Every structure is written in structure tokens, then in C-alpha cells.
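Heads up: the structure comes next, in C-alpha cells.
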Amino acid sequence: MVKKFTFGKPFDTEAVVQKIEASKGKLPFGSAKKAGGALVWTCPLFDGDKIFGLGETMRGIDKRGYVFKSNNSDQPNQTETTQSLYGSHNFLIVFGKKTFGLFVDYPGLVEFDLGFSKSGELKVTTQTANADLYFILPQKKSGALKEIAREFRTLVGKSYVPPKWAFGFCQSRWGYACAADIEKVWKTYRKLGIPLDSICMDIDYMEDYKDFTVDKKKFPDFKNFCARLKKDGVRLVPIIDAGVKKQKGYSVYEEMLSKKLACVKKDGSAFEAGVWPGDSVFADFLNPAARDWFGQKYKLLLDAGIEGFWNDMNEPALFYTKENLRKVFSRLEKFKTKPLDATGLFEFMSIANSVCNNADDYKSFYHKVSAKRAGAFAASKPDKDKNVLVNHAAVHNLYGFNMTRGAMEAMDALRADASQKTGRPLLYSRSSYIGAHRYGGVWTGDNHSYWGDILLSLQQIASLNMAGFLYTGSDIGGFNGDTSRDLLLRWTAFALFTPLFRNHSARGTREQECYQFEKPEAFKSMIELRYSLVPYLYSEFLKAAQGDGLFARPLAFDFEGDARACAVNDQILIGNEIMAAPVYVQNAIGRHVYLPEPMTMVEWKGGKIAAQKKLPKGDYFVEVPLESVVFFVRNKKKVPLARPAQCVDKLDWKRLSFAGDQSAAYELVDCD
Ligand code: GLC
């Protein structure tokens, strides 16, 4: 059961699709008060209570003990003390003495103090006292976690389902400069027989980093190039950035301005900030007309044969504004004459660092929305069309969500047109808010080639699923920093269970394609396992999407009564049959695994199942050789395996073998 409580006059974030009348009177859990303009909701935490959720955040699956801030950030420094990442997913489940779900529907800054300041208190603070709080109360004692997650999705809508090919392997890198670079990736994978379904095109494909352009010098016959790859089962997936280059004669820029669809400053002129293309403007994605207009632009690439996109820099990232640069230079002026002592040096660096993603810059521009939607967030009187301006900072966390929404809504409309014979497009985004899960997936942004980031990705993926984002994955091998062969192997061995299966790295780092390392056949074997599992993964994904369930989830969701299972932070369930327990420590020969029920341990090696062993419930140290994948099939269940193919289109879904309990039944669900 869902109970809604409305405080003040909230902004309608459009995260919720099931409209619910607000309740009056006492809250079912905790208490709320206004404090210094903010809304503060607190509730006691008891010994043993756990807190699951909050989507893309740092730290474990159980988030209790730390503090997080919903403030979508272009944040490449993902350390344990980082409190804000690219997305804001204000949904959590308190699991313990009193189990319930809480969704804080608020478009700006929200702080979640999960027993950090006081170990026995959960405290949520929204920046102003205008918010909707949704409490989800489980009706049954057992299965409460699944029930709450399902109720939440009924509230916020069904999850996006990508096309099948999006479950294939994707090779990406920031720095593929031209068609020849991409052709080399394609041909090398095919030559080595390593399956591949897509290659991402990073900003380098554009003309001067301009959205919806393809550099003709680098890609002389783009349409034909796309067609050649597609014929061989490889799709190109271009990036689209939020910032649009300010340049006379560039039609996207000129149209955005002439149609008045840009975010504006107080004086009504278009807001400008620097991103990859230099000075740029930003479509006002909160305005439906701007959303639709920007979304229509994807057609330029769809018409060239593109079927998938990734939306980036949509927090939005702001490298600088001219206004702030002036301030920064003037604050740095004094250092020209003053010798730098230790304190001075730190001050210098902190001033210099304030150029990027500056809080004042986010306060300096506005969106146009209907007065009705804006509630107490209106920053101007309604105009003749009953629209008001809303300050960006107050609704900051909705920007990426609406960029993704605009793209998918426009692509859906194009597909509805009978003349467009394309399949469902692939779309995933860096920034998001609850609700964006209806339109696309997310990847977890700019991680590092750190061992700990394998574990982090497991934890983030489980938490993102709770927020409805089923199509997720991390940059395999790590985006920042130089990867190593063993790290990439271990990461691949985990990521092959995640829907988005993409190796991506930053310009300037060590080249990270599987064939850059000794014995690429070890990668081939792992990626072949992924392809064998595609029918299973896709089928389980569909079941989760259609039934409002979780594709990837913590053990607690299926073993609520088992305190040991509920405390596990480094194993997750993938669909209804598999448990993944990756190795994420350098030079480890294996790892400890807890089996909450009897399971079949499967070892995949050299492109086939090398061993299967039934194990009773309990604790194990499991040896996992570097070139093997070890996973677990749950009690009385079996997992279908197809024969690997070079691409998803070529998989034979009929000729299946099975891992696990051969006498068990498996229901394979398929669609288009
Ligand atoms: C951002 C993205 C990254 C991309 C880079 C260049 O850092 O997160 O994935 O490679 O921009 O476009």
C-alpha cells in the first residue's frame, strides 16, 4: 500500500505515473518538521535495521551509516566519501524492525543521513519544504522487500526494455578518431572470433563536437559504413551530449535560439557554458516543446541506420561560464604577487577548481514550465501562456531524465509512423532521476581501473534495479587510469551477467580492447559465455520488466529470513536462477562465498562448462582461476545456454543446453 504526503507546494517531477490522493494526518513512519526553510523527516533506526536503495551511490548494498546527497554531478572522482554521483534516485527501503519504502519526490538537493550523524536515526532533508513523500507499506510479512520494490514500480512506471542486440558485447573508447579506427576494432574482433554486437562512437565522430553532425572527413560515407557493419551484426552507438555548440550557421544552435528553446538567464538571453565543444547552449528539457524538438534531431542519425544512443554530460556538466571565469581570475589575481605558502597553495587550487560545475553557475539559469507544475518553485509571474520560470538549481536533478525522455518519446513517435521500420532503439544515459527508467537505461559513469570498482559496480547495479533501472552496467576495465589484463578479465567475468556489457575507456589511457592483451582467447571464452547466456538474461530481463521485479538484486530480496544472506554485500542474484559472486581483489586465487541454499557451482573455462558441482547451503572458499568464470545455479533450477555466436542476431534460441538441475523446468520468455 502506498501513502502519499504532500508538504507545501511541490514541483511535479513527473516521476510518478499512478496519481494518488495525498493523505492527511499522522505519517505512518517517523515525523516531519520545517527547519530553516527545509523539510526534515526523521525516523528511528533500530539495531540490525538495514537500508537498501538510493540507486547510483557509493558504498555497500546496505547504505546504513553514511550520508548521501542527491545532486546530480559530473563526478569522475568516485571515492568512498563521494556523496553525489550522476543520478538521483531518492528511493530507499528500511528493512528490519519496521520494514517500509520511502520515495522522496523532490527535484533539487536532498540529503539522506542514514545513521551517519546519529547511529539510531534516519534523517532526510529537502532543500525547501515543498515535497511529496511516498511511504510504501508492505501488506505481507514475508516477501516484503520484493513487494515494496514492486509497489514502487507500479507508482513510477514500467522499466524500459532495450532491443536484444543491446545484450551483446560492446566495445567503446573515447578516442576512436575515424572510420578506420572503428573498422579495425570490428575486424580484429571478428578475426579473433570474439563476439561483438556494437561499437560506441564517442564525441570524436562529430564535427567539432557538434551534436547531430558526423564529420565527413573522418566518415566519408557514414550511411554505407553503418550498413557494412550492420550486415556483419555490428551496430554503431553514437554519443549525444547535452551541450550544443554556440556557432553561427550551425542549424541546431540557430534553431534552438530562434525557437526560444534554450535555458535562459534572468535577462532572457540564452545561458552559455563551456563543455567539449567550447561555448555551448543547453536545450530546456523541462519544456515539452524543447524536449520534443531535441528528440526529433535523433532522426538525422536514425536515418543513417543508427539504432542506439548514449546521452552524456546531462547533469548538465558545466566546465566553465564566462561569468564565473572572470570571478575566478580576479580571485586568483592576488597570487601573482604573493608567494605561495602551504595554505596559499591550497586556497589557489580550491579557487582554480571552482571553475568547473560551479554551484553559482547552476543558480544562474532558468527553465520554462507551466505554473501549475511549478508549485512553489516559480521564480517569475506567469506569462500569457501561464508559464513561469524556474531556477535550474531548484530542479537540477531532472535535467538528464528529461533529455532521455525527449529522445525516447521522439523515437517512439517516429517508430509509430509506419514508414519507419526500425526496432526498439537502445538508449542509456549518464544522468537520471526516478522516472527516467521508463525511457532508457544508465551506465555508471566515469569509474576507474580500480579493483574496488568491480565491487562498486555490483552494488550500484543492485541498487539501481530497486530504482527501476534494469538496463545498467559499468565501464568494464575502468574508464580512468590504465587497466591491467587480470583486472579486465575479472571485471569481464562479472559484467557478463549485467545487461549493458560495455568495455569503455578514456582517451590517453592504456588501450583496453580485449585483443590488446596476451592470450585474447581467455576473453573470447568469457564473452562466449555471455552469448550463451543471452537467451537467459533477456528472458529474465523481460520477466523483471513486465512483472515490476528486479533483474539484479541483493540476496536479501530472496532470502529475507536468513540474516547471513541479508548481510551479503558482494554477491547478487541475476534473474531467478543465477547467483554471481565475482572476484574483485588483485591476485586473489578465489573468494569466500555464502550459499543461502544448496546450489550448483558451475565453472566455465576454455569456451565451455568445465565442471559442475552440487553444494549444500553454507560457507565456502571457492577457487576461481583467472581465466575461468564461476557462477552458481540456484536450488532446483536450471539455466539455458545457447551455442555462442558472433552476434546476438545469429544466436539459435532453440538449440539449448542447460546448466544446473537438469530435471528442473525453465520458462524462456521472448519478444520480437
Ligand atoms: C564523459 C563520459 C565518458 C566519455 C567522455 C567523452 O566523461 O562520461 O564516457 O567518454 O565524456 O565524451
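The values are calculated or read from the model by the stated rules, or taken from the named source; none is laboratory data. Quantities reported herein were computed from a predicted structural model and do not represent experimental measurements. Glycine also receives a Cβ, built like all others from the backbone with ideal geometry; neighbour counts cover every protein chain displayed. What goes into the accessible areas is simple: the full protein's heavy atoms, side chains included, and nothing from ligands, DNA or RNA. Shrake-Rupley method; radii C 1.70, N 1.55, O 1.52, S 1.80 Å.
Restricting attention to the range 58-79, report how many residues are part of a loop (DSSP other than H, G, I, E, B) and more than 16 Å from the ligand (Cβ to nearest atom).
Number satisfying all stated conditions: 10.
Pairs please, first residue from the range 1-22 and farther than 19 Å from GLY37 by Cβ, second anywhere and in a strand (DSSP E or B) and among the aliphatic types (A, V, I, L, M), Cβ atoms under 7 Å, 6+ apart in sequence or on different chains.
Listed by first residue and then by second, the contacts come to VAL2/ILE136; LYS4/ALA22; ILE20/VAL2.
Within the range 250-277, which residues are within 16 Å of the ligand (Cβ to nearest atom) and free of Cβ contacts under 8 Å to residues at least 40 places away in the same chain?
none
Within the range 185-239, count every residue that is within 16 Å of the ligand (Cβ to nearest atom) and not in a loop (DSSP other than H, G, I, E, B).
Of the residues in that region, 12 qualify.
Six or more apart or on different chains, Cβ under 8 Å: which pairs go from a residue in the range 356-369 that's on the phi < 0 side of the Ramachandran plot to one that's of a type in the set (Lys, Arg) and surrounded by 14 or more Cβ atoms within 10 Å (Cβ to Cβ)? Could you list them?
Pairs found: SER364/LYS265; PHE365/LYS265; TYR366/LYS265.
Look at the range 305-345 and say how many of its residues are open to solvent by 10 Å² or more (accessible area, probe 1.4 Å), touching a Lys or Arg at 6+ places or on another chain (Cβ under 8 Å) and more than 16 Å from the ligand (Cβ to nearest atom).
Residues flagged as open to solvent by 10 Å² or more (accessible area, probe 1.4 Å), touching a Lys or Arg at 6+ places or on another chain (Cβ under 8 Å) and more than 16 Å from the ligand (Cβ to nearest atom) within the range 305-345 amount to 2.
Residue by residue through the range 59-77, note down the ones that are open to solvent by 10 Å² or more (accessible area, probe 1.4 Å), of a type outside the set (Lys, Arg) and under 16 Å from GLN459 (Cβ atoms).
Passing the criteria: GLY60, ASP62, GLY65, TYR66.
Are any residues in the range 475-500 open to solvent by 10 Å² or more (accessible area, probe 1.4 Å) and within 16 Å of the ligand (Cβ to nearest atom), and if so, which ones? Can you show your working first?
Applying the first criterion (open to solvent by 10 Å² or more (accessible area, probe 1.4 Å)) to the range 475-500 yields 479-482, 484-486, 490, 493.
Answer for the range 475-500, where residues must be open to solvent by 10 Å² or more (accessible area, probe 1.4 Å) and within 16 Å of the ligand (Cβ to nearest atom): PHE479, ASN480, GLY481, ASP482.
Please verify whether ALA166 is out of contact with any Leu (no Cβ under 9 Å at 6 or more places or on another chain), part of a helix (DSSP H, G or I) and within 30 Å of TYR209 (Cα to Cα), treating the condition exactly as stated.
No.
Collect the residues in the range 471-521 that are within 18 Å of the chain's Cα centre (by Cα) and among the charged types (D, E, K, R), keeping them in residue-number order.
ASP475, ARG502
Please give the number of the condition MET579 fails out of (1) assigned to a strand (DSSP E or B); (2) in contact (Cβ under 8 Å) with a residue 60 or more places away in the chain; (3) touching a helix residue (DSSP H, G or I) at 6+ places or on another chain (Cβ under 8 Å).
Going through (1) assigned to a strand (DSSP E or B); (2) in contact (Cβ under 8 Å) with a residue 60 or more places away in the chain; (3) touching a helix residue (DSSP H, G or I) at 6+ places or on another chain (Cβ under 8 Å) one by one, MET579 breaks only (2).
Suppose we filter the range 240-287 for residues that are in a strand (DSSP E or B) and either open to solvent by less than 50 Å² (accessible area, probe 1.4 Å) or under 25 Å from GLY435 (Cα atoms) (or both); how many remain?
Number of matching residues: 17.
Given the condition basic (Lys, Arg), modelled with pLDDT under 95 and more than 16 Å from the ligand (Cβ to nearest atom), answer yes or no: does some residue in the range 141-158 qualify?
Taking every residue of the range 141-158 in turn, at least one turns out to be basic (Lys, Arg), modelled with pLDDT under 95 and more than 16 Å from the ligand (Cβ to nearest atom).
Which is out of contact with any Phe, Trp or Tyr (no Cβ under 7 Å at 6 or more places or on another chain), more than 16 Å from the ligand (Cβ to nearest atom) and hydrophobic (A, V, I, L, M, F, W, C), of LEU414, LEU398, LEU389? Can you show your working first?
Numbers: LEU398 fails: out of contact with any Phe, Trp or Tyr (no Cβ under 7 Å at 6 or more places or on another chain); LEU389 fails: out of contact with any Phe, Trp or Tyr (no Cβ under 7 Å at 6 or more places or on another chain).
Only one candidate passes the filter, namely LEU414.
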